[in-house]
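Structure first, then comments.
The values are calculated or read from the model by the stated rules, or taken from the named source; none is laboratory data. As the structure is a computational prediction, the values presented were derived from the model and not from experiment. Backbone-built Cβ (ideal geometry, glycine too); neighbour counts: all protein chains shown. SASA here: full protein model, heavy atoms, side chains in, ligands and nucleic acids out. Shrake-Rupley method; radii C 1.70, N 1.55, O 1.52, S 1.80 Å.
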Amino acid sequence: MMIRYLGGLSVIFFGVLFSHAVAIAEPLPIKDLAELFQQARQFDPTFRQAQGRVRIAIESQTEASSALKPVVTLSAARASVSQAESARGVPVDQLDVMSANQSIQLTQPIYRPALLAQIKQAGEVTDASYFQQQAAEFDLAARLMRALIQVSTADAVVKLQSERQGLAKTEYLAAIAKEAAGDVSVTDVRESEATLAMVSAELRAAEGALRVAREQVYAIAGLKISVDSINALLEPVLSQRVILEARLPGDWSWIEAVLTQTPEVQAAQAQVRAADQAISVARAGYLPTLDFSVRRTYSKSESLQSSPNSAYLTNQIGISMNWSLYQGGGTDAATRRAIEVAENARLALAEVELRVSERLRSLQSDLESTQNAFGAYELQVRAGAERLTGLKRAQALGLASRLEVSQAELKLAEYRKNLRQARDQVALLRASLQIFSGQLPKFFLAIN
């Protein structure tokens, strides 16, 4: 039973190696993170939808501005009129008249307070759409970075778990040999067997996490990228030097300073300004409007039975004023509604500021904790390596068993796994903190 169990684990182990060989054979379709990010921007439907909202807002702003420009209207009409006279029901005379009219009119708005407010409101809506697009872009960058680092972490864990599985096998076989020689008990063998089973289960879980992480990268960027290629792309982000330089002082004052620079807060502020302009649009219903107009009309009428015919040329120049004195309470209701909308927009702004502030504080807190854990794992790896070296020397002198050395090797592999996971988590938290602070990391920016 034990031999069959080891054989099954060997199949799993070599299957992992084969899957890594297939991943290495895949081509690298992109050269750096900036190019990959550009590909994700073109592929991600959420970001493309945000881009579409910006274009819609720009067209709405253009449409609103056009209402203040001159309007030229050309009209033409031609009519035929037949009139019949009768005496005692018998037609005695009929009069046919043909009339034609052509006119051209130019109207220039002089004072339209509602239109002016609508133009300003459209501008604020465009700004809000732009900041929403930027927020979607930053969220895409955070999701892409998270997926890439998860692939790299899962790949490292698979390799380390494979190493731990090999060490656990060695320890297990050594325990069996020691049991046969009477040096250890059956309980020790069972413990080694349980350790081997646990490490093998962790290896299978790590393989599953790696597959899921690669699928996430494909879902975000639309590209199938090999694991080794992702590791190469992340080298500037995950280097030991960069991680050590990432240590931040325990200062929280910067959060208030960058809060208004985040695209989410800026979008909410623009929506507040747009809501304020909506109040001006509603209140414009109380004000008059002035228009300047020039009209030229040519009229001609012809009669088939009588003469002479007539023709007229008329020129009109003037200023018209319209002032609605009573609208059934509609303007009052629109104004009250606009005021409530503006108040809700301010409440939404406060909510966004609170949410963004809490997210930044949470990210910095997690970053500080992970940096501390990273330092602790460094010490743990160093101590584990020194212990392993000491046990190997003791084994050479006959003072330590092979089982003790195997256990130390297994423990050191676990420490290295924890250190790698902490290192990748530090890099992810750093990038996320920078992104959600309103600034894309430089490795996402294409440099021409």
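So the values come out like this:
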{"item": "Those residues of segment 59-115 which are at pLDDT 85 or above, among the polar types (S, T, N, Q) and either farther than 30 Å from Ala284 by Cα or assigned to a strand (DSSP E or B) (or both), in sequence order", "result": "Thr73, Ser75, Asn101, Gln102, Ser103, Gln105, Thr107, Gln108"}
{"item": "Residues satisfying the stated conditions in segment 257-267, i.e. among the small types (Gly, Ala, Ser) and under 16 Å from the mean Cα position of the chain (by Cα)", "result": "Ala267"}
{"item": "For Glu351: the one exception among (1) at pLDDT below 90; (2) open to solvent by 20 Å² or more (accessible area, probe 1.4 Å); (3) out of contact with any Gly (no Cβ under 8 Å at 6 or more places or on another chain)", "result": "(1)"}
{"item": "Number of the condition not met by Ile24 [criteria: (1) part of a helix (DSSP H, G or I); (2) modelled with pLDDT of 90 or more; (3) exposed (fewer than 14 other Cβ atoms within 10 Å of the Cβ)]", "result": "(2)"}
{"item": "Output for segment 377-407, where each listed residue is over 30 Å from Ile149 (Cβ atoms), part of a helix (DSSP H, G or I) and among the small types (Gly, Ala, Ser)", "result": "Gly390, Ala394, Ala396, Ser406"}
{"item": "The listed residue being in a helix (DSSP H, G or I), at pLDDT 85 or above and among the β-branched types (Val, Ile, Thr), out of Val237, Val157, Val189", "result": "Val157"}
{"item": "Matching option when the condition is within 30 Å of Ala136 (Cβ to Cβ) and surrounded by fewer than 19 Cβ atoms within 10 Å (Cβ to Cβ), among Lys411, Lys442, Lys392", "result": "Lys442"}
{"item": "Options Arg430, Arg387; residue that is in contact with a helix residue (DSSP H, G or I) (Cβ under 8 Å, 6 or more places away or on another chain) and in contact (Cβ under 8 Å) with a residue 40 or more places away in the chain", "result": "Arg430"}
{"item": "Residues (surrounded by fewer than 20 Cβ atoms within 10 Å (Cβ to Cβ) and free of Cβ contacts under 8 Å to residues at least 60 places away in the same chain) located in segment 202-211", "result": "Glu202, Ala205, Gly208, Ala209, Arg211"}
{"item": "Any hit, segment 284-301, residues being more than 30 Å from Arg78 (Cα to Cα), touching a helix residue (DSSP H, G or I) at 6+ places or on another chain (Cβ under 8 Å), part of a helix (DSSP H, G or I) and open to solvent by less than 30 Å² (accessible area, probe 1.4 Å)", "result": "yes"}
{"item": "Qualifying residue in segment 184-201 (condition: of a type in the set (S, T, N, Q), closer than 26 Å to Ala408 by Cβ and surrounded by fewer than 17 Cβ atoms within 10 Å (Cβ to Cβ))", "result": "yes"}
{"item": "Flag if Glu35 is assigned to a helix (DSSP H, G or I), among the acidic types (Asp, Glu) and farther than 15 Å from Leu140 by Cβ", "result": "no"}
{"item": "Filter result for the condition that a residue is aliphatic (A, V, I, L, M) and under 31 Å from the mean Cα position of the chain (by Cα), over Ala396, Ala413, Ala348, Ala383", "result": "Ala348"}
{"item": "Number of the condition not met by Phe374 [criteria: (1) over 20 Å from Ser152 (Cα atoms); (2) modelled with pLDDT of 85 or more]", "result": "(1)"}
